[in-house]
Amino acid sequence: MGDSAVLATLDGGDVVALARRAQALARSLDGLRRDDDRWGLAVPGAASVLVPFDPLALDPADAARAVARIGRQPVVDSSPGDRRVHDVPVRYGGESGPDLDAVAAAVGLTPADVVDLHASVAYEVLFLGFQPGFGYLGELPAQLVLPRRETPRPRVPAGSVAIADRFTAIYPLPSPGGWHLIGQTEVALFDAAREEPVLLRAGDSVRFVPLGDR
Amino acid sequence: MSGPVAIEVLEVVDGGVEATIQDAGRPNAARLGVPPGGACDPMGLAIANVLVGNACDRPALEVFLGGTALRALVELTLGVGGGDLGLVRGTGERVEPGEAISVTAGDALRFTGGPDARAYLAVPGGFVGERVLGSVSTLVAAGFGGHGGRVLAGGDRLAAPVPALLPEPLPWPTTGGPSRRHEVRILRGPHARPAGGSLEALTGGAWRVASADRMALRLDGPPIDTGTVELPSHGVTFGTIQLPADGRPIVLLADHQTTGGYPVIAVAISADRSVLAQLRPGDDVTFRPVSLADAVAALRALREALAAGERAVREAAAWDDLWRSAQG
């Protein structure tokens, strides 16, 4: 991936398995980096890890080989030490979830059933990307899987709870967005003033808690 | 914010198109979904900073296109780096990138517009700003960093901890050589179709910059078909060239989203980030494939030029020992 990064892609496995392997590979690379400052901090994705390095200190071909070698090593259970659990209160539907009714119609369930199904799963934070603090949560129950909206919205409010493909997520900040908005939460996924601005970490668990009447 | 006393040094008279405080960014924040950010033209930032005795990565003002106007509030030396944005003093005298100038209270500076896109203005000690995740760089999309997480506007005042008037500031030694302003050297990307097609279409002719901001350049030209629509989200870098569904390439810059799912057909070489940073909307650009060895050699040459320039300025400048030791 250019002259200063290696992109290691993984295959074989479902959405959750691939993301976990990517996280594990990133953690192995963190070990490499501890003793060798020619490496930058690896960025895990859905099924890959981007590994930055200094091309003036490390030959790019050697870098690619080193990453491949580490990728071939058996994955020891190196799950992160402190997985946190986040209970996220959500106001589903109505103005808070403008796409809830359309999603229900598209999947052949009542809106109430969509809410119950969405809230029934403890999701894993698979990786962060797209926006500061945006966690891709998985895996969404199969009945709720839909492609992204044909036309993205120019502006999705911060705190929007959304679904698309096999993921669900909460938008930390207002931005354009193509996911289906089914609810709204006041939990701040990103706050620059906090000592740790980003709330979620890969491996954390998220449960959505429906608030009040739909 | 506790810390050293800061002195207001510049007042913004007109924010122009987009002026923000930027330093060298957040290279290790991508795992949080936070872009690396920082100056789009890292050489421009470095030169402006070295000219006023700073380390290369101190917070400076990044100015995008013309229109930004400032007034000095105190006696001060300023370093100018990056591209030619038609910077003039109140007297009408032009200030070229690579110059250090001294101003007194009330002096005016205006970026009137020029052939390039981004310029950097540095002050001794660097500008003071909101520090988030180890950097003062502004991420406007998320509203944090720099001056209140936003672009500068008329009435804003910029502060520095140690404003100084430097005796006999010296210009950056010019290296000469032809300008390759509108040619970007690239390497094949991980998703370029091996049997030809997308890379050849990218390098076969000129593209027009349809729009530019700190996140990306969006190019216009004959749409390229990759045959793939989307891939699992993966980490991307400054200089990544993506192909969205409409076939018109997107070139990522400093505030790029940390992950993307569009096919990556090419990646600009690191040494040409400054070239990307200087492209304006409406400019034409061509892409030329080079080898990995060429890419590394170009980066090495750039770093050596920066180091040589830095040595020349620091050795020749007759600055106070007090000032030097204040840099820490």
Query raised in the report: Within the bounds of region B:136-146, is there any residue that is in contact with a strand residue (DSSP E or B) (Cβ under 8 Å, 6 or more places away or on another chain), in contact (Cβ under 8 Å) with a residue 24 or more places away in the chain and more than 14 Å from chain A (Cβ to nearest Cβ)?
Result: no
Report task. Just need a number here: residues in region B:211-239 that are free of Cβ contacts under 8 Å to residues at least 60 places away in the same chain, within 22 Å of B:ARG280 (Cβ to Cβ) and not in a strand (DSSP E or B). Result -> 3
**Report entry** Members of region A:1-20 that are part of a helix (DSSP H, G or I) and either facing chain B (nearest Cβ under 8 Å) or farther than 18 Å from A:ASP165 by Cβ (or both)
**Finding:** A:LEU18
**Report entry** In region A:54-71, the residues that are without any contact (Cβ under 8 Å) to a residue 40 or more places away in the chain, of a type in the set (A, V, I, L, M, F, W, C) and not in a loop (DSSP other than H, G, I, E, B)
**Finding:** A:ALA61, A:ALA66
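Quick grid of which residues meet (1) under 29 Å from B:ALA307 (Cα atoms); (2) at pLDDT below 95:
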residue: B:GLY196; (1), (2): no, yes
residue: B:ALA210; (1), (2): no, no
residue: B:ARG218; (1), (2): no, no
residue: B:PRO223; (1), (2): no, yes
residue: B:GLY227; (1), (2): no, yes
residue: B:VAL236; (1), (2): yes, no
Query raised in the report: Does region B:30-68 hold any residues that are small (Gly, Ala, Ser) and either within 30 Å of A:GLN23 (Cβ to Cβ) or without any contact (Cβ under 8 Å) to a residue 24 or more places away in the chain (or both), and which are they?
Result: B:ALA30, B:GLY33, B:GLY37, B:GLY38
Requested in this report: Could you check how many residues of region B:99-131 are on the phi > 0 side of the Ramachandran plot and modelled with pLDDT of 95 or more?
Outcome: 3
Query raised in the report: Which ones in region B:240-268 are facing chain A (nearest Cβ under 10 Å), without any contact (Cβ under 8 Å) to a residue 40 or more places away in the chain and part of a loop (DSSP other than H, G, I, E, B)?
Result: B:GLY261
Report task. Please give the number of the condition A:PHE134 fails out of (1) in contact with a strand residue (DSSP E or B) (Cβ under 9 Å, 6 or more places away or on another chain); (2) farther than 27 Å from A:ASP14 by Cβ; (3) within 14 Å of chain B (Cβ to nearest Cβ). Result -> (2)
Requested in this report: Check region A:112-124 and report whether any residue there is surrounded by 19 or more Cβ atoms within 10 Å (Cβ to Cβ) and under 26 Å from A:VAL49 (Cα atoms).
Outcome: yes
Query raised in the report: How about region A:177-191: which of its residues are within 14 Å of chain B (Cβ to nearest Cβ) and crowded, with 18+ Cβ neighbours inside 10 Å?
Result: A:GLY177, A:TRP179, A:LEU189, A:PHE190
Report task. Considering every residue within region B:273-286, establish whether at least one is touching a helix residue (DSSP H, G or I) at 6+ places or on another chain (Cβ under 8 Å), surrounded by 23 or more Cβ atoms within 10 Å (Cβ to Cβ) and in a loop (DSSP other than H, G, I, E, B). Result -> no
Report summary line: By residue number, the members of region B:29-49 that are β-branched (Val, Ile, Thr) and under 25 Å from B:VAL184 (Cβ atoms) are B:ILE47
**Report entry** Extreme residue, farthest from the other protein chains (Cβ to nearest Cβ), among residues of region A:21-39 that are in contact with a strand residue (DSSP E or B) (Cβ under 8 Å, 6 or more places away or on another chain) and surrounded by fewer than 20 Cβ atoms within 10 Å (Cβ to Cβ)
**Finding:** A:LEU32
Query raised in the report: When you look at A:ALA106, is it touching a residue at least 60 places away in the same chain (Cβ under 8 Å) and away from chain B (no Cβ under 13 Å), yes or no?
Result: no
Query raised in the report: When you look at A:PRO197, is it at the interface with another protein chain (Cβ under 10 Å from one of its Cβ atoms), touching a residue at least 60 places away in the same chain (Cβ under 8 Å), in contact with a helix residue (DSSP H, G or I) (Cβ under 7 Å, 6 or more places away or on another chain) and surrounded by 16 or more Cβ atoms within 10 Å (Cβ to Cβ), yes or no?
Result: no
Query raised in the report: So how many residues does region A:13-37 have that are within 20 Å of A:LEU56 (Cβ to Cβ) and touching a helix residue (DSSP H, G or I) at 6+ places or on another chain (Cβ under 8 Å)?
Result: 2
Query raised in the report: Which one is farthest from the other protein chains (Cβ to nearest Cβ), of the residues in region B:1-29 that are in a loop (DSSP other than H, G, I, E, B) and among the charged types (D, E, K, R)?
Result: B:ASP23
Query raised in the report: Of all residues in region A:179-194, how many are within 17 Å of A:LEU144 (Cα to Cα) and touching a helix residue (DSSP H, G or I) at 6+ places or on another chain (Cβ under 7 Å)?
Result: 3
Report task. Of all residues in region B:269-305, count the ones that are more than 14 Å from every other protein chain (Cβ to nearest Cβ) and of a type in the set (Gly, Ala, Ser). Result -> 3
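The values are calculated or read from the model by the stated rules, or taken from the named source; none is laboratory data. Fair warning: this is a prediction, and the values are worked out from it, not measured in the lab. Using ideal geometry, Cβ is built from the backbone for each residue, glycine included, and neighbour counts are taken over all protein chains shown.
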